[in-house]
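The values are calculated or read from the model by the stated rules, or taken from the named source; none is laboratory data. Bear in mind the structure is a predicted one, so any value in this text is a computation, not a measurement. Using ideal geometry, Cβ is built from the backbone for each residue, glycine included, and neighbour counts are taken over all protein chains shown. Remember, those area values only see protein heavy atoms, side chains included, never the ligands or the DNA or RNA. Shrake-Rupley method; radii C 1.70, N 1.55, O 1.52, S 1.80 Å.
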Amino acid sequence: MDAPVIIVGGGPVGLSLALGLARYEVRSILLERAPEPVRESRAVVIWPRTQEILRDWDVYDALRASGSFVTTFRALNACTDATLLSVDFTAVDDVVEDPGVIVLPQNETERILRALVAANPLCDLRIGAEVTGLAQDSRHVDVAYRIDGTERTVRGAYVVGCDGAHGIVRHALGLSLEGMTYDSRIVLSDEILENDPGEDALARVRIDQPGFCAAIRFAPRTWRVIASLGKDEDSERALSPAAHRERLRMVFGDVETTTLWNSLFKIHRRHAQAFVVGRVALAGDAAHLNSPAGGQGMNAGIQDAANLAWKLAWTLRDGDRDAALFESYDIERREMVTDTVERYTDRLTRVALGFSPRTKQFAARTMWRAVRGRGMQRKLCRALGMLSGRYTTSPLVDSRHPLAGRRIDDLRLPDGTRINRRRRGEAALVVVGELPLDLPHIRVPVAPKRWHLKLPAVLVVRPDGCVAAAIEKPTREKIDAAWQRAFCGAVPIPRPAAVS
Ligand SMILES: Cc1cc2nc3c(=O)[nH]c(=O)nc-3n(C[C@H](O)[C@H](O)[C@H](O)COP(=O)(O)OP(=O)(O)OC[C@H]3O[C@@H](n4cnc5c(N)ncnc54)[C@H](O)[C@@H]3O)c2cc1C
């Protein structure tokens, strides 16, 4: 065995997975064919749910320091400069540490992640290594790759294909990305503006036109412009300098810009029929492709890595005896992708592309009025920030209680710390209310109303921050059984030690 885990593809998802595995002391070999990270900005936003995962893995600070951090996501009507939508992430500061959005182009994100992976002694990053095939049996997987003109093979207990939408790993498993491709084509470009039209708004949207035309700022004076083409619009014409100038005029008015790149894309709503086959898993774009509306593609991929990293680590710690923990990745992440990510991005895409200008203008007016209240702001923060998904069908989760399967709210504790700071990416028992418990635990004196918990209660929280069980009228037997179920018996319940 060359390493317990072989990762194919060092985009943001493969790199994050390598760092997540290292966080749990698992060695990995990462095979990446491209000598350099991507050049394009691609994903430009890191949402709160992804941030808390990266914080657990000690990756957050580097990304936050390199990007800009905004607590309010404000979009303007590009015609009138009036606010179309404003989402204030501090509305969820009771359940999220440091709530806001990291705005950072993907090429920077990848550069930082690559440097962290290269510096980590548990990660063996092999740049210029192009994977050409793989074969698995019941005990290991062999991965063939080419580097510097030489054919080589590495053997791992598990392989994760993070090799993107056209990756070889999914093909080798005989799987395809099933779903649909939207009719509309999208033109994207990155622009540096001579004069920025306004420093505090992150997005500018035209709602008086059919289709979609908007821009999002991802660095000082630097904007991503996104516009849809009509069904009959000629692709070549759409990329002509005249059409390009017209799109820029629509979102910015008359300003001078320098175009960094532009391109025409189709957008998809697709996922693989399985995310796990034998000892091989798929993550990120290799497993699912979504519309860029909502900016969830890369974030969902890093969240795949968060679900997988601890499961691989704990399966290996348990002597690799039982596949149940690893296989639960398939059930959980396919549910999250199809029920939450796809639905949300699809709804946004259909509104953006399908609504008439009149309907959009009416919706914008009524929506902005409706979402100003704190309750709606919290809902928007949860949806945008990817804080609200739930695993309901997982065998690891006792979903009878509505809290189970959800991310735990990162509440502030009486000593001023937060639940997640105390867990630091490990599994934990959380005692809510007054209950003597002779096991290491984190105590939360009072439950928020939305937890719908009868106190006292005990929560079993997984390393990825998901509540596996919410136990009311807790007994030691119930806690043991919930722990056993949540971790498939791979890791024993923490022994009585320093009780917090
Ligand atoms: C123009 C554009 C705009 C986007 N905008 C957004 C956005 O606003 N928000 C958002 O969240 N997402 C956005 N996305 C999507 C986002 O970029 C992807 O979801 C993200 O890159 C997925 O990361 P990944 O690591 O799964 O795959 P990728 O980034 O595709 O990385 C795959 C890696 O695998 C490597 N590889 C492939 N085959 C092999 C092989 N045989 N051997 C070795 N290595 C291999 C590749 O070189 C690459 O480095 C955008 C994408 C595009 C193209």
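Each row is one residue, and each column tells you yes or no for (1) more than 16 Å from the ligand (Cβ to nearest atom); (2) under 16 Å from residue 307 (Cβ atoms).
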{"residue": "6", "(1), (2)": "no, no"}
{"residue": "17", "(1), (2)": "no, yes"}
{"residue": "38", "(1), (2)": "no, no"}
{"residue": "59", "(1), (2)": "no, no"}
{"residue": "64", "(1), (2)": "yes, no"}
{"residue": "83", "(1), (2)": "yes, no"}
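Against the condition out of contact with any Asp or Glu (no Cβ under 8 Å at 6 or more places or on another chain), assigned by TED's automatic domain parsing to the domain that holds residue 15 and under 27 Å from residue 352 (Cβ atoms), how does residue 166 come out, does it pass?
Yes; evaluated as a whole, the condition is true for this residue.
Considering only residues that are open to solvent by 60 Å² or more (accessible area, probe 1.4 Å), more than 16 Å from the ligand (Cβ to nearest atom) and either free of Cβ contacts under 8 Å to residues at least 40 places away in the same chain or under 19 Å from residue 344 (Cβ atoms) (or both), which ones fall in region 241-295?
241, 245, 246, 249, 254 - these are the residues of region 241-295 that are open to solvent by 60 Å² or more (accessible area, probe 1.4 Å), more than 16 Å from the ligand (Cβ to nearest atom) and either free of Cβ contacts under 8 Å to residues at least 40 places away in the same chain or under 19 Å from residue 344 (Cβ atoms) (or both).
Can you list the strands (runs of 3 or more DSSP E) lying wholly within region 365-473 that have 3 or more residues being of a type in the set (A, V, I, L, M, F, W, C)? Give the steps one after another, and end with the answer.
Numbers: elements: 428-432, 442-444, 457-461, 467-472.
Of the strands (runs of 3 or more DSSP E) lying wholly inside region 365-473, those with at least 3 residues that are of a type in the set (A, V, I, L, M, F, W, C) span 428-432, 457-461, 467-472.
Go through (1) at pLDDT below 95; (2) open to solvent by 20 Å² or more (accessible area, probe 1.4 Å); (3) within 16 Å of the ligand (Cβ to nearest atom); (4) not in a loop (DSSP other than H, G, I, E, B) one by one and return the number of the condition residue 124 breaks.
In the conditions (1) at pLDDT below 95; (2) open to solvent by 20 Å² or more (accessible area, probe 1.4 Å); (3) within 16 Å of the ligand (Cβ to nearest atom); (4) not in a loop (DSSP other than H, G, I, E, B), residue 124 misses (1) alone.
Being crowded, with 18+ Cβ neighbours inside 10 Å, away from the ligand (no atom under 16 Å from the Cβ) and in a loop (DSSP other than H, G, I, E, B) is the requirement here; does residue 96 meet it?
On the way: crowded, with 18+ Cβ neighbours inside 10 Å: yes; away from the ligand (no atom under 16 Å from the Cβ): yes; in a loop (DSSP other than H, G, I, E, B): yes.
Against the criterion (crowded, with 18+ Cβ neighbours inside 10 Å, away from the ligand (no atom under 16 Å from the Cβ) and in a loop (DSSP other than H, G, I, E, B)), residue 96 qualifies.
Quick one: what pairs do we get from region 28-51, first residue open to solvent by less than 30 Å² (accessible area, probe 1.4 Å) and assigned to a helix (DSSP H, G or I), second near the ligand (Cβ under 7 Å from one of its atoms) and polar (S, T, N, Q), C-beta under 8 Å, 6+ apart or different chains?
Pairs that qualify, where the first residue is open to solvent by less than 30 Å² (accessible area, probe 1.4 Å) and assigned to a helix (DSSP H, G or I) and the partner is near the ligand (Cβ under 7 Å from one of its atoms) and polar (S, T, N, Q), are 50/299.
Examine region 224-232 for a residue that is touching an Asp or Glu at 6+ places or on another chain (Cβ under 9 Å), within 12 Å of the ligand (Cβ to nearest atom), outside any loop (DSSP other than H, G, I, E, B) and outside the structural domain of residue 173 (by TED's automatic domain parsing), and state whether such a residue exists.
yes
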